Amino acid sequence: MLRSQSKDLFARARKVIPGGVNSPVRAFKGVGGHPIFFKNAKGPYVEDVDGNSYIDYVSSWGPMIQGFTFQPVVDAITAQAQKSTSFGAPTEVEIELAEMIVERFKSIEKVRMVNSGTEATMSAIRLARGITGRDKIVKFDGCFHGHGDSLLVKAGSGVLTLGLPDSPGVPNDLAQHTISLPFNSIDQITQLFDSRGGEIAAVIVEPIAGNMGCIPPAEGFLETLRKVTRKHKALLIFDEVMTGFRVASAGAQQLFSIEPDLTTLGKVIGAGLPVGAFAGKKKFMDRLAPEGDIYQSGTLSGNPLAMAAGKALINTLDDEFYATLTRHTDELVLGLMKIAAQTDIPLRINHFCGMFSLFFTKQAEVTNFDQVTQCDVDRYRTFFHLMLDEGVYLAPSAFESAFLGGQHTSDVFDQTLTAAENAMRKLHS
Ligand code: KE4
């Protein structure tokens with residue numbers, strides 16, 4: 001496939017945008033080559049500036065769970081734009097989206113909207129520190145919670161892709177308050193709380209890790225986090241920016257029946273417009289200004305366009321939608337595993353409703369960061385480009401999850417599996 005216009009645009013972009021992109025993972029550093037510039041998308045398909053069409057499994061990193069240019073979302077944005085894009089004052093649509101979230105998440109009584117997942121997690125951390133009067137936070141290696149200073153420690157996603165153990169610019173005085181443990185390390189989290197529980201404000205976790213590839217929680221891991229945080233009066237924060245409204249209507253906390261103290265959301269709740277949210281019980285959320293003394297704010301927080309878009313999208317995400325998406329995800333994963341077996345390619349796939357990750361490895365399972373780093377990233381890189389040339393757009397990094405949604409129907413899977421068959425045959429040769 002010719003992608004000369006993307007290449008030219010990338011050269012032009014690099015003159016005025018750092019690295020030619022507005023977010024590092026888009027730069028293809030994880031897979032080599034230059035990024036693809038898109039101009040159009042519909043349903044499960046995206047079209048690049050050279051006129052090439054691809055089946056998309058990036059889903060704008062999660063929001064497009066009903067596919068691109070989903071008409072109810074387009075109509076909602078268009079209608080709202082006619083009334084104004086923003087007021088800087090309260091609107092009814094903000095209440096409506098907050099009510100939808102409260103209705104679905106048992107652990108949530110109040111919601112504060114922000115403009116990104118990063119804002120959501122950094123605000124949740126400040127809230128937890130303010131409530132407990134403690135400074136230490138615990139995260140897990142390979143989990144990514146956005147680029148807030150306290151959380152850029154052994155992070156996943158783009159940080160992992162670029163091999164940046166931590167980022168310069170984060171003061172040591174701050175980084176020292178972040179403790180990062182191996183994901184799924186039940187013993188280590190128990191020992192940490194037994195020895196230093198009284199210092200810890202919060203544990204923040206992706207309940208299903210999606211930023212080192214998709215890694216499920218080990219049996220008892222989330223339950224242990226819930227137990228030790230409750231015992232030592234620290235807050236448990238589920239970062240469901242990726243899993244919220246994706247793996248189930250009420251995210252991973254619904255799948256695993258765990259009630260965190262705070263939840264962060266993003267992606268799907270904005271339907272592709274900039275939105276994040278942090279939420280929890282009244283007793284925690286009412287500590288936020290102007291009700292309480294812990295400050296957080298945002299000029300465009302609760303932006304009516306984004307609220308209208310999120311509401312229109314979430315309105316279509318009912319139980320039947322998730323049952324179908326679960327079935328479709330299983331169908332695609334089974335098909336890919338069959339092809340790998342037929343072509344004798346060692347492949348593991350971790351998956352949940354609407355998301356999956358490919359690990360090229362002979363390891364029996366991939367359940368933590370160390371095992372992720374032992375996977376064949378070069379083979380992923382080659383597979384990515386082979387699939388691209390077959391018209392399938394996967395995540396441009398081995399340390400990301402792939403996403404599918406309501407528009408990925410069986411005929412789309414047939415096209416995908418044919419592409420995978422061709423790619424894996426070439427991979428093997
Ligand atoms: P944003 O600030 O990018 O909206 O959200 C940060 C964030 C927080 N928590 C989780 C679990 C996340 O996955 C993310 C962002 N996800 C990445 C993709 N893995 C965003 C893509 C990018 O960085 O460009």
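Rule-based calculations on the coordinates, nothing more; no lab input. Not measured: the values here are computed from a predicted model. As a convention, Cβ positions derive from the backbone with ideal geometry for all residues, glycine included, and neighbour counts pool all protein chains shown.
For this structure, a couple of remarks:
- Built from the Cα atoms of segment 337-398, the convex hull projects on average onto 4.6 nm², one quarter of its surface area.
- Remark: Tyr54, Tyr45, Tyr295 ranked as Tyr295, Tyr45, Tyr54, counting other beta-carbon atoms within 10 Å and listing the fewest first.
- Span from the segment 353-429 Cα centroid across to the segment 6-24 one, whole angstrom: 26
- Taking the fewest neighbouring Cβ atoms within 10 Å as the starting point, the ordered list for Asp173, Asp376, Asp261, Asp194 is Asp173, Asp194, Asp376, Asp261.
- Gyration tensor verdict on segment 262-305 (Cα atoms; rounded if a/c is under 1.5, prolate if a/b is larger than b/c, oblate otherwise): oblate
- Sequence-distant residues sharing a close amide H with Asn115 (under 5 Å, placed H): Gly276
- Gln5-Thr316 pseudo-label distance in nm [points 7 Å out on the Cα-to-Cβ vector]: 2.7
- Dimensionless Rg ratio for segment 107-164, taking C-alpha atoms and the 2.2 N^0.38 Å reference: 1.23
- Rounded Å value of the spacing that divides the Cα centres of segment 281-306 and segment 199-248: 22
- Proxy reagent accessibility, fewest Cβ within 10 Å first, across His385, His328, His408, His428: His428, His385, His328, His408
- By the Cα gyration tensor, the chain has an equivalent ellipsoid whose semi-axes, rounded to whole angstrom, run 33, 26, 21 from largest to smallest.
- Computed [θ] at 222 nm, helices only, for the chain once each DSSP H run of length n ≥ 4 contributes -39500 (n - 2.57): -11500 deg cm²/dmol
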